[in-house]
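Readers should treat all values here as calculations from the given coordinates under stated rules, not as data from a laboratory. Since the structure is predicted, the reported quantities are computational estimates derived from the model, not experimental observations. With ideal geometry, Cβ positions are generated from the backbone for all residues, glycine too; neighbour counts draw on all protein chains shown.
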Amino acid sequence: MLEIDLKNAFLDAQQLLNDFCNQTHHFQLMGQLCYKLAEAFQQNHKILICGNGGSNCDAAHFAEEFTGQFRAFRKALPVIALSDSSHITCVGNDFGFDQIFSRGVEAYGTKGDWLIVLSTSGNSNNIVKALEKAKEQKMHTIALLGKDGGKLKGKSDYEWVIPGKTSDRIQELHMLILHAIIEGVERILFPENY
């Protein structure tokens, strides 16, 4: 049997995480964002979130932890992952794949709502168009990007760029950021659970 050394996968992830943790501005920004999102929920606004492939799964994961629960029982909060397969295939067929998320933003997003986009390259055209539509609709925006940030770098109100070499490492840190945001919002809105 061929021996496979998978330890480097964990060491790569650990290095990326250590580099991230050594930049304290990430956590200051995350803290500010958690207060803004908590305030948005208190004012009956919602969050939309989208991404392609594994990032689409991460978007759905993020949404269900707000509409369901994260650490403890509490009120459901309005977060929509733009990941419905019937919507994606309809819009992809009728309008083009580059419109699959922007049409969802147009349908569900209103002024004062938030859009989170996930892109490991920062260059996905359908994510670029979703962000543009959100800006048109006077929504607030958050981008979790990878590599050098691509075309989306600097285009959102809040952003984190993970300089990983591969999508899997970038997505792992994106999910950690998303989980931290959920925890932060819960700590603000439901302190009795912590």
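Summary table below
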read-out	value
Segment 40-71, residues that are farther than 24 Å from Ala130 by Cβ and assigned to a helix (DSSP H, G or I)	Gln42
Filter result (part of a strand (DSSP E or B) and surrounded by 20 or more Cβ atoms within 10 Å (Cβ to Cβ)) within segment 144-159	Leu144, Leu145, Gly146
For Leu77: the one exception among (1) surrounded by fewer than 18 Cβ atoms within 10 Å (Cβ to Cβ); (2) part of a loop (DSSP other than H, G, I, E, B)	(1)
Which listed residue, of Leu29, Leu37, is crowded, with 19+ Cβ neighbours inside 10 Å, touching a residue at least 24 places away in the same chain (Cβ under 8 Å), within 16 Å of the chain's Cα centre (by Cα) and in a helix (DSSP H, G or I)	Leu37
Tyr194 more than 13 Å from the chain's Cα centre (by Cα) and among the aromatic types (Phe, Trp, Tyr)	yes
Check on Ala63, touching a Cys at 6+ places or on another chain (Cβ under 7 Å) and closer than 15 Å to Leu178 by Cα	no
Residue in segment 167-190 that is part of a loop (DSSP other than H, G, I, E, B), touching a strand residue (DSSP E or B) at 6+ places or on another chain (Cβ under 9 Å) and of a type in the set (Gly, Ala, Ser) present	no
